[in-house]
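For reference, the structure is listed below as structure tokens.
The values are calculated or read from the model by the stated rules, or taken from the named source; none is laboratory data. Predicted model only: the values in this text are computed from it and were never measured. Glycine gets a Cβ as well: all are built from the backbone with ideal geometry, and neighbour counts include every protein chain shown.
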Amino acid sequence: MRAPVAFGQYVPADSPVHALDARTKMGLVAAFTVSLFLMHDLAGLAVAGVLVALVVRVSQVPWRIALRGTKAVTVILVITLAAHALRWNPATVSLVRLGPLAVDGPGLVTGIFFAFRIVLLVVGTSLLTLTTSPVALTDGLETLMRPLERLRFPASEVAMMLTIALRFIPTTAQEAEKILVAQTARGARFDESGPIRRAKAFGPVLVPLFVNLFRRADDLATAMEARCYRGGIGRTRLHESVMRSSDWAVLCLGTFGLIALGLVL
Amino acid sequence: MIVFEDVTYSYPAADVPALDRVSVALAHGSWTAVVGANGSGKSTLARLANGLLLPSAGRVLVDGMDTADEGHAWEVRSSVGLVLQNPDNQIVGTVVEEDVAFGPENLGVPREELRLRVDGALAAVGLTGLERREPHLLSEGQKQRLAIAGALAMKPGCLVLDEPTAMLDVEGRGEVLAVLAELRSAGTAIIDITHDLAEALCAQRVIALDHGRVAYDGPVPELLANEGVMCSLGLEPPPLFRLAAALRARGFAIAEARSAEDVVEALWPS
């Protein structure tokens, strides 16, 4: 048996960041993003960087994991840097020259500014998903979407769909693993090279997986109906996520501070 | 009390009715087993009992309420809990207690009472202490007990279980049957749809269905002894029962063979 399937990015820990309500964290991430775009020089970003570093420290998320998100944007970072810093046969003085290719000083600074902003954006926003369990995130989203119910938006149903999806991710992953083993036993090969061949090899896994998912969905619908599910009407909740006074304090001060920071720097 | 009055049910686009003029009454505090081959109408019976399906002809009464009466739909469904075969497919919550709360949440039960109902249901199935556990980390037996707790949280007078032990190992099966026995002695009616005649021995009464009709309705040992009916239904007596019959034929006095203990006790009285 392999270890239980891990999904999502959540890093469980007992930290003040984890203890905040999901909505507080969503608000702060939004304020942080606005703040980053208000800043226009490296000094501002440096302060933001220190802030992010502090939050990572307090949240006890390992640095390796906190920075993992930047891997996905490496190409963008390189292109950003190159587009700003590299010049072809410039007339002006440049830092380094390699034949006609030159690195432009002010351009390099601008490049670093934009690249650093992307890094901060990625790390800052990923802190939300790293420190909030998917269930808490869904609950937070539901309460945020609730006002939209006036406009006939099915907030409660959307939240229920998300919850069920979350509930079935591990079950489906376990099942996929079982089918994989079963098909391997029948001689299917999953170790072939080449993306197309590999994708083809997964057909025998995906087809039974989907057929079973439909069967599950059927059963689940029966079970939910048997347990009196009738949409969001009149539903109560065992746990309602509550914004405590500390949440409001952190949210208000944080938002104010971040926006002010963005305007000043 | 669930009463089937001359109930016929046909699935859309089916030539033959799945249930054909079935009349049975299921009393409170009883344990009834429903047996029969695949396609004999067992699962249809289960879904008619709580109003998920409505009879094409005849009526089904739950505590006097007609299941076809839409005004009573939620009362009917909460007083007849349904548990399905595959525990994985009926668990909705991302953690154990959330799943148990799902039914009463839908009924709009206030939060303080939700807590009480969840704790009570989990205690009844012996899952206390696992409130925050994620369902996929439970054993199959625990998952099925969780599904039972989910039905219990709606305070049903009757539990209908559609092959609840078919996907479980011996241990899980034992756990589930023990929970059911306890619920019954606390007054909940149990209707256990099963393929397993050994499991049917837990019941006082067995209803055998054959092509949508009631072929036998009575005590379990008598059905097992009635070779004609057993044969026509394609049922085989459980191995223990056959062993007891063979021993009796050789002159051993074995009155009852509900469990291995009964037989051992008869052969070698302690």
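Summary of values
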item	result
Conditions (1) surrounded by 19 or more Cβ atoms within 10 Å (Cβ to Cβ); (2) among the hydrophobic types (A, V, I, L, M, F, W, C); (3) within 24 Å of the chain's Cα centre (by Cα); (4) more than 14 Å from chain B (Cβ to nearest Cβ); number of the one not met by A:Val158	(1)
Filter result for the condition that a residue is surrounded by fewer than 12 Cβ atoms within 10 Å (Cβ to Cβ) and assigned by TED's automatic domain parsing to the domain that holds A:Thr129, over A:Leu54, A:Leu45, A:Leu86	A:Leu54
Test: residue in the range B:178-200 that is touching a Lys or Arg at 6+ places or on another chain (Cβ under 8 Å), within 12 Å of chain A (Cβ to nearest Cβ), outside any strand (DSSP E or B) and in contact (Cβ under 8 Å) with a residue 40 or more places away in the chain	no
The one condition in (1) loosely packed, with under 15 Cβ neighbours inside 10 Å; (2) more than 14 Å from B:Asp217 (Cβ to Cβ); (3) at pLDDT below 90 that B:Ala57 fails to fulfil	(3)
Which listed residue is within 21 Å of B:Ser30 (Cβ to Cβ) and surrounded by 12 or more Cβ atoms within 10 Å (Cβ to Cβ), from B:Leu209, B:Leu243, B:Leu247	B:Leu209
Cross-chain or 6+ apart pairs with Cβ under 7 Å, the range B:134-153 first and farther than 11 Å from B:Gly172 by Cα, then of a type in the set (Phe, Trp, Tyr) and not in a loop (DSSP other than H, G, I, E, B)	B:Gly150/B:Phe102
Members of the range A:210-253 found to be among the hydrophobic types (A, V, I, L, M, F, W, C), within 26 Å of B:Gly71 (Cβ to Cβ) and facing chain B (nearest Cβ under 7 Å), listed by number	A:Ala223, A:Met224, A:Ala226, A:Cys228
Residue check, B:Val92 more than 10 Å from chain A (Cβ to nearest Cβ), surrounded by 21 or more Cβ atoms within 10 Å (Cβ to Cβ) and modelled with pLDDT of 90 or more	no
Of all residues making up the range B:155-185, the number that are out of contact with any strand residue (DSSP E or B) (no Cβ under 6 Å at 6 or more places or on another chain) and surrounded by 24 or more Cβ atoms within 10 Å (Cβ to Cβ)	2
Selection count where residues are among the charged types (D, E, K, R) and touching a helix residue (DSSP H, G or I) at 6+ places or on another chain (Cβ under 8 Å), scope the range B:1-56	1
Output for the range B:118-162, where each listed residue is part of a loop (DSSP other than H, G, I, E, B), within 12 Å of chain A (Cβ to nearest Cβ), under 26 Å from B:His195 (Cβ atoms) and not hydrophobic (A, V, I, L, M, F, W, C)	B:Pro156
Cross-chain or 6+ apart pairs with Cβ under 6 Å, the range A:76-90 first and in a strand (DSSP E or B), then surrounded by 17 or more Cβ atoms within 10 Å (Cβ to Cβ)	A:Arg87/A:Ala102; A:Arg87/A:Asp104
Count - residues of the range B:60-87 that are assigned to a helix (DSSP H, G or I) and either more than 7 Å from chain A (Cβ to nearest Cβ) or crowded, with 22+ Cβ neighbours inside 10 Å (or both)	10
